[in-house]
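The values are calculated or read from the model by the stated rules, or taken from the named source; none is laboratory data. Every value quoted in this text rests on a predicted model; they were computed, and no experiment measured them. As a convention, Cβ positions derive from the backbone with ideal geometry for all residues, glycine included, and neighbour counts pool all protein chains shown. The protein model used for the area step is the full one, side chains on, heavy atoms only, and it has no ligands, DNA or RNA in it. Shrake-Rupley method; radii C 1.70, N 1.55, O 1.52, S 1.80 Å.
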Amino acid sequence: TDEVPEFQGRFVKDADKDIIKLLKEKGRVVRADPIRHSYPFCWRSDTPLIYRAVPGTFIHVEKIRDRLMANNNETYWVPSFVQEKRFHNWLESARDWAVSRNRFWGTPIPMWVSDDGEETVVIGSIAELEERTGRKITDLHREFIDDITLPSTMGKGTLKRVDEVFDCWFESGSMPYAQQHYPFENKEVFDKSFPADFIAEGIDQTRGWFYTLMVLSTALFDKPAFKNLICNGLVLAEDGQKMSKRKQNYPKPELIIDTYGADALRLYLINSPVVRAADLCFKEAGVKQNLKDIFLPWYHAYRLFVQSARTMLLQTEVAFAPQPAVALASSNTMDRWILAAANGLVAFMRTEMEAYRLYTVVPRLVDLVEQLTNWYIRMNKERFSGERGEACRKASLCTLYEVLMMLCRMMAPLTPFFCELVYRNLARASDELPESVHFMMIPEVNTAAIDEQIIADVNLMQQVIERGRTVRDRNNLSMRTPLPTATFVHSNAAALASIDKLSAYVMEELNVRSVVVRDVADVRDMVTLKCLPNHKKLGARFGPAYKGMQGKIRALTHEQLAQLLQSGSLTVDGEVFSGDDILVQMEYCGDKSEYDTDVVEGGGLLLLSTKPDEAMLAEAMAREVCAKVQKMRKEAQLRKEDELEISYSCAEGSVLAKVLKSQASYVAGRLGRNLLPASVRPQRAVTLLREEKDVRLQVLEDGKIVQKTELLTLELLRGCVFINETELAKVVPDQALREQVHNYMHCFSPEKISEKLSESPSKDQLSFVLDGQRVNLSVNAHFFLSSTDALAAGSISL
């Protein structure tokens with residue numbers, strides 16, 4: 001500028017060397033060295049900035065500092081440390097606030113001053129400005145009011161408006177009043193809504209919006225501008241740097257939403273450190289994981305319900321109707337457990353949401369989705385399909401419907417789009433529900449459904465099952481391989497009773513033939529108790545005498561240690577010891593080639609037999625085949641209710657051939673269809689999918705399990721009729737005509753033939769003409785509508 005004519009017109013940083021040279025020539029330089037340090041740059045142009053002292057307008061904040069801190073104490077913040085530490089410390093050392101800025105764009109400061117600065121007029125409204133100037137004001141931007149002058153009341157000529165505009169944070173802090181145009185109108189509306197019930201912003205706003213809100217509300221009303229506040233952290237790039245449009249160091253938001261959905265992104269952020277005022281290094285993989293771990297399982301649970309309800313309609317001609325009373329009245333343990341868990345979560349959610357603690361609610365919601373999909377649904381599929389009877393199906397579907405609805409209503413504020421999609425379809429089952437889930441409140445807690453004992457029982461059962469799976473993994477024993485027994489050892493009678501009640505579920509999930517519960521006091525031949533004194537605690541308690549007491553503790557018998565586990569205390573030489581004084585561990589002392597063990601949280605021990613017999617290995621191989629068939633059904637995009645036959649072929653006399661013959665009834669039970677040897681496959685059956693598979697076999701050789709593989713060909717066939725050749729030859733002796741009968745019968749699906757039978761006078765006879773000859777065939781005599789019927793009649797054999 002013209003204040004430094006030697007360098008006028010030059011960029012300040014370009015003049016550095018010449019400035020130093022001039023100062024040296026004037027003898028004003030003591031030392032000149034370069035120093036590397038952080039320096040402010042313009043975030044738009046990425047050019048260095050300079051600090052320059054300029055005159056400004058201030059708000060006298062220091063005068064109201066004590067009231068600011070008092071009003072801060074009247075507010076509720078999440079997390080609280082931001083209020084109590086960061087914000088409190090900022091208020092405690094608050095300085096007067098410079099509210100003026102030297103810019104063109106912005107809200108002009110309505111202050112007119114004389115040339116000598118001794119007379120100042122602050123205008124409070126448009127009406128006041130119009131009254132003082134006699135001029136109609138239609139726009140408050142600078143270009144419309146900078147030329148306005150006011151006459152001096154002190155004989156100082158005319159007053160001119162100051163050049164500055166307001167700091168934009170002054171406007172932000174004025175939001176509660178400006179949005180209502182207070183005090184000029186909406187006074188009643190403002191009085192009812194101020195202070196605001198809730199606000200939320202980033203942690204950087206402790207020196208921004210939160211601060212200016214507090215300063216202005218305290219100066220104007222001596223009260224805070226808000227009651228409750230959630231402070232979030234900052235979302236950074238994956239490498240921890242600030243996200244920058246210039247650097248493009250973040251994935252495009254629209255790409256994330258298009259790929260994973262807005263709800264997956266929302267839940268990723270809500271369930272992150274950001275809602276606890278900590279920073280988050282954004283990772284696209286985290287959003288993807290949410291989709292995989294939460295939304296896909298949740299969707300599969302919803303889809304299973306829809307499929308099961310549709311299957312019920314097809315099988316019984318009765319449409320599903322939600323009945324909360326049926327769900328609540330269910331005696332099934334898993335129904336009662338999932339309803340108790342869901343209602344317990346509702347109670348927890350209401351408490352935590354009222355306290356604005358999002359970060360405690362979301363993990364519990366996610367956990368319920370996991371419990372629903374990975375436990376409840378997996379353990380009740382036979383009930384959903386009706387295999388356990390219609391009453392069981394009705395109770396399970398009503399329970400699943402209630403839980404899905406509760407999930408939708410609880411998660412709607414967090415995952416609005418997915419919840420709306422699921423809700424709209426579920427709501428079709430009732431005429432009494434509103435059009436949108438967002439028209440509904442968070443569900444009320446049904447205290448009658450909450451059963452803490454069932455929740456505790458199932459939690460213990462899950463731990464036992466998970467420990468059993470760990471043992472299986474450690475011994476390379478697939479879950480498809482049945483094992484003889486699982487033994488649960490504990491000192492607590494209630495824990496033993498819990499597992500005993502739920503033993504059927506443990507048997508199913510661990511694939512064991514039996515579950516045994518044993519009190520630790522009764523299994524000295526299998527389990528030893530090891531005592532570990534708390535040296536630090538007992539040393540401080542007994543001092544020099546601890547050495548002698550330690551010997552007595554180590555000499556405790558199995559029965560004494562079992563008593564300590566059961567009662568929680570034990571007396572030795574008049575001294576009472578608790579479970580904190582002496583830690584007792586269970587250790588298996590039996591044949592480790594027969595059993596492997598794992599510790600169950602809470603003081604239990606699981607013993608799992610690791611020696612399957614030949615029959616169990618045969619069942620494991622049958623399960624392997626069933627799994628391959630189910631995978632093919634999925635690849636063929638078949639539904640459970642689709643008409644289907646399954647055929648196989650393998651080497652004659654092979655291990656696989658023997659297993660499939662001996663396990664035929666087991667396979668049929670798991671698949672809901674018979675597995676037919678190629679020899680009985682109808683020649684004209686239509687193949688939907690044919691694959692050759694290597695099947696893993698397990699056989700015992702010298703007492704050890706040996707892994708082998710054999711080739712198996714599997715075919716999925718469209719549902720077809722099975723013709724009894726012997727009986728057909730009696731009514732159609734001519735071979736050529738019998739071939740035509742085969743062709744004719746295989747032109748129709750079993751469902752279509754059933755329709756034809758229902759239209760016939762006798763309801764069980766099919767009549768048609770081929771080559772001028774009438775053919776009369778009776779169902780379940782000359783032909784069968786499925787392999788199941790043909791097997792039952794002895795027309796074919798496996």
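What number does the chain give for Rg over Rh if you use C-alpha atoms and the Kirkwood radius?
Details: Rg = 40.0 Å, Rh = 35.4 Å.
The Rg/Rh ratio comes out at 1.13.
For a label point 7 Å from the Cα of residue 319 along Cα→C-beta, name the residues of region 412-449 whose backbone N is under 14 Å from it.
So the set is 425-433.
Say each of residue 635 and residue 718 gets a label point 7 Å from the Cα, pointing the same way as Cα to Cβ; how far apart are those two points in nm?
The two pseudo-label positions are separated by 2.0 nm.
Of the heavy-atom accessible surface of the chain (probe 1.4 angstrom), what whole percent is carbon and sulfur? Mind dumping the intermediate values first?
On the way: 21930 of 43230 Å².
Roughly 51 percent, rounded to a whole number.
Taking 30 Å as R0, compute the FRET efficiency from the Cβ-Cβ separation of residue 687 and residue 661 and round it to 0.05. Don't jump to the answer; show the numbers that get you there.
Values: r = 23 Å, r/R0 = 0.76.
Efficiency computed from Cβ-Cβ geometry: 0.85.
Report, to the nearest 10°, how far helix 390-411 tilts away from the longest principal axis of the Cα atoms in the chain, using its own Cα long axis and a range of 0 to 90°.
10 degrees
For the pair residue 381/residue 172, report the inter-label distance in nm, with labels modelled 7 Å from Cα in the Cβ direction.
Placing both labels 7 Å beyond Cα along the Cβ direction yields 5.4 nm.
How far is helix 296-316 tilted off the main Cα axis of the chain, in degrees rounded to 10, range 0 to 90?
Roughly 40 degrees, rounded to the nearest 10.
Going by average Cβ neighbours within 10 Å, how do the peptides 214-226, 380-392, 15-27, 423-435 rank, with the highest at the top? Working shown, then result.
Details: 214-226: 19.7, 380-392: 16.0, 15-27: 11.8, 423-435: 13.6.
Those peptides, ordered most packed to least, come out 214-226, 380-392, 423-435, 15-27.
Once each part is reduced to its C-alpha centroid, what is the distance from region 253-279 to region 453-491 in angstrom?
First find each Cα centre; the distance between them is then 36 Å.
Over all alpha-carbon pairs of region 442-599, lay out the pair-distance distribution in 5 Å bins, whole %, shortest bin first.
1, 8, 15, 16, 15, 13, 11, 9, 7, 4, 2, 0, 0
Considering the options 798, 437, 672, tell which one lies farthest towards the positive end of the dipole of the chain, charges being +1 on Lys and Arg and -1 on Asp and Glu at the Cβ, about the Cα centre.
Going by the Cα projections, it comes out as 798.
State the answer as a single residue: which of 732, 703, 722 lies farthest towards the positive end of the charge dipole of region 665-798, with beta carbon charges of +1 for Lys and Arg and -1 for Asp and Glu, about the Cα centre.
Towards the positive end, the residue furthest out is 703.
Please check which bits of region 627-665 a label hung off residue 707 would reach, taking the label as a point 7 Å along Cα-to-C-beta and the cut-off as backbone N under 14 Å.
Once the point is set 7 Å along Cα→Cβ of residue 707, nothing inside region 627-665 turns out to lie under 14 Å by backbone N.
Using the Cα centre as the reference, give the magnitude of the dipole from point charges on the C-beta atoms of region 522-574 (Lys, Arg: +1; Asp, Glu: -1; all else neutral), rounded to the nearest 20 debye. Spell out each step's value before the answer.
Numbers: 8 positive and 4 negative charges, 83 e Å.
For region 522-574, the charge dipole is close to 400 debye.
Taking 1 over the mean of 1/r across every pair of different Cα atoms in region 601-690, what Kirkwood radius in Å do you get? If you can, show how the numbers build up before the last one.
Working: mean 1/r = 0.0659 Å⁻¹.
After inverting the pairwise mean of 1/r, the radius is 15.2 Å.
Just the Kirkwood number for region 1-90, please: inverse of mean 1/r across all distinct Cα pairs, in Å, one decimal.
Details: mean 1/r = 0.0541 Å⁻¹.
This gives a value of 18.5 Å.
Hey, if you drop one equal point scatterer on each alpha-carbon of region 127-236 and run the Debye formula without solvent, what base-10 log of I(q)/I(0) do you get at q = 0.17, 0.21 Å⁻¹?
After summing over all Cα pairs, the log10 values are -0.96, -1.14.
What is the packing order of peptides 517-525, 761-769, taking the mean over residues of other C-beta atoms within 10 Å and listing the highest first?
Numbers: 517-525: 16.4, 761-769: 12.2.
Taking the mean over residues of other Cβ atoms within 10 Å, the ranking is 517-525, 761-769.
Assigning unit charges at the beta carbon (Lys, Arg +1; Asp, Glu -1) and nothing else, what dipole magnitude in debye, to the nearest 20, does region 423-468 show about its Cα centre?
Result for region 423-468 is approximately 240 debye, rounded to the nearest 20.
Quick check: the distance between the Cα centres of region 2-22 and region 356-395, to the nearest angstrom?
Centre-to-centre (Cα) distance: 75 Å.
Find how much the distance from residue 31 to residue 740 grows on full extension, using 0.36 nm per residue of separation minus their present alpha carbon separation; answer in nm with one decimal. All intermediate terms of the calculation are to be shown ahead of the outcome.
Working: separation 709, 0.36 × 709 = 255.24 nm, distance 11.19 nm.
Result: 244.1 nm gained on full extension.
Assuming R0 = 35 Å, what is the FRET efficiency of residue 222 and residue 85, from their Cβ-Cβ distance, to the nearest 0.05? Present the calculation step by step, with values, prior to reporting the outcome.
Numbers: r = 24 Å, r/R0 = 0.69.
With R0 = 35 Å, the Cβ-Cβ based efficiency is 0.90.
Compute the length gained on full extension between residue 550 and residue 73: take 0.36 nm times their separation in residues and subtract their Cα-Cα distance, giving the result in nm to one decimal.
Details: separation 477, 0.36 × 477 = 171.72 nm, distance 5.35 nm.
This chain segment gains 166.4 nm when fully extended.
Give me Rg over Rh for region 612-758, both radii from the alpha carbons and Rh done the Kirkwood way, two decimal places. Intermediate values should be presented prior to the final figure.
Values: Rg = 18.0 Å, Rh = 17.1 Å.
Across region 612-758, the Cα-based Rg/Rh ratio is 1.05.
Quick check on my link table: of 252/283; 611/661; 730/752, which ones sit more than 18 Å apart, alpha carbon to alpha carbon?
Working: 252/283 12 Å; 611/661 24 Å; 730/752 25 Å.
From 252/283; 611/661; 730/752, over 18 Å: 611/661; 730/752.
Considering only protein heavy atoms, what per residue accessible area in square angstrom results for the chain with a 1.4 angstrom probe?
Working: 43230 Å² over 798 residues.
With all protein chains present, the chain gives 54 Å² per residue.
Rounding to the nearest 20 debye, state how big the charge dipole of region 599-716 is about its Cα centre with +1 on each Lys and Arg Cβ and -1 on each Asp and Glu Cβ.
On the way: 19 positive and 18 negative charges, 56 e Å.
Dipole magnitude for region 599-716 comes out near 280 debye.
Take the alpha-carbon centre of region 319-345, take the same for region 51-69, and report the distance between them in whole Å.
With region 319-345 and region 51-69 each reduced to a Cα centre, they are spaced 61 Å.
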